[in-house]
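The values are calculated or read from the model by the stated rules, or taken from the named source; none is laboratory data. What you are looking at is a predicted structure, and each value in this text was computed from that prediction instead of being measured. We place every Cβ from the backbone using ideal geometry, glycine too, and count neighbours over all the protein chains shown. Side chains included, ligands, DNA and RNA excluded: accessible areas come from the protein's heavy atoms. Shrake-Rupley method; radii C 1.70, N 1.55, O 1.52, S 1.80 Å.
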Amino acid sequence: MATNNRRMSGKKGAQVGSGGQRRKGLEGKGPTPPAEMRKGHKKNRVANAKAKQAVRRPTPRGRGGRSSSELVVGRNPVVEALREGVPASTLYVQQFIDNDERVREALQLAAERGGINLMEAPRPELDRMTNGLNHQGLVLQVPPYEYAHPEDLAQAAYDDGEDPLIVALDGVTDPRNLGAVVRSVSAFGGHGVLVPERRAAGMTAGAWKTSAGTAARTPVARATNLTRALESYKKAGITVVGLAADGEAELGDLAALDGPVVIVVGSEGKGLSRLVGETCDHRVRIPMPGGAESLNAGVAAGIVLYEAARRRS
């Protein structure tokens, strides 16, 4: 009997205990997948390449773009930034740091605000992050600022049933001046600040501090080309007024402040650039009986905004 079994085992065909494997082998594998999913196919390689590019490419988070992240370095600057409500994503604390009053306050403020990651890092890592600056064991990371689009400033005003009141800065490079302008715009009911994308101050930690928290509710827009942005405002029926020491009219005589207006403020030293000055509908001067040659951007903007708010009230 054993001999008979050995003879039978050499025959072809399904055997006892095969579990129907032969039958399964005859079954189809389903429909052919599309070319994009077939490994080795040209369309599959193209699809994979596009997927990798999408992962590398940052997702746009605002029509006006956004700045790069920033580091606030040093114990006093970090504490001041946290006190003033400067947005922050991470507080880096050096390992084995001397726990003085400023370090304790920084940790307490970060914990009270919430949403700020606390990371302990060795000194060499903080040295690398700050390019060797004297960080004193504390480094605060400020996330990128999300700028509005120039059109958004006017649209927000119209949505509220108001005439736009906007301040544009031409050649202002000090972030503290930008922060002061943001603060004045907020105080006098303005609808935002417009800055050029290049060679101009941006919303850094210094600008946030000077704005005294008003930057959280007053949008700042960024234009690739300031002149073109102003021309777009003009086409939309908004009057563009430039401040200049040699302006043809005095501020008190300007009727345009009653309606939709963009106030353009130049740098303290050079004033308005040529193209921007030529784009303005009016060039006005602020009377200064004291004889000062010029005012900084924050002060000049505050004076004009006050006059506009007074007439609109």
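With the checklist (1) open to solvent by 50 Å² or more (accessible area, probe 1.4 Å); (2) under 27 Å from the mean Cα position of the chain (by Cα); (3) not aromatic (Phe, Trp, Tyr) in hand, flag the one item residue 258 doesn't pass.
(2)
Return the pair list, or none, for Cβ contacts closer than 7 Å from residues in segment 77-91 that are over 13 Å from residue 105 (Cβ atoms) to residues that are β-branched (Val, Ile, Thr), at least 6 apart or on different chains.
86/142; 87/142; 88/116; 88/142; 89/116; 90/116
Might you let me know whether segment 235-245 holds any residue that is open to solvent by 10 Å² or more (accessible area, probe 1.4 Å), basic (Lys, Arg) and closer than 22 Å to residue 174 by Cβ?
Checked segment 235-245: no residue is open to solvent by 10 Å² or more (accessible area, probe 1.4 Å), basic (Lys, Arg) and closer than 22 Å to residue 174 by Cβ.
Inside segment 108-131, can you point out the residues that are open to solvent by less than 60 Å² (accessible area, probe 1.4 Å) and either in contact with a helix residue (DSSP H, G or I) (Cβ under 9 Å, 6 or more places away or on another chain) or without any contact (Cβ under 8 Å) to a residue 24 or more places away in the chain (or both)?
Within segment 108-131, 109, 110, 114, 116, 121, 127 qualify.
Within segment 75-92, how many residues turn out to be open to solvent by less than 20 Å² (accessible area, probe 1.4 Å) and of a type outside the set (S, T, N, Q)?
Here the count works out to 7.
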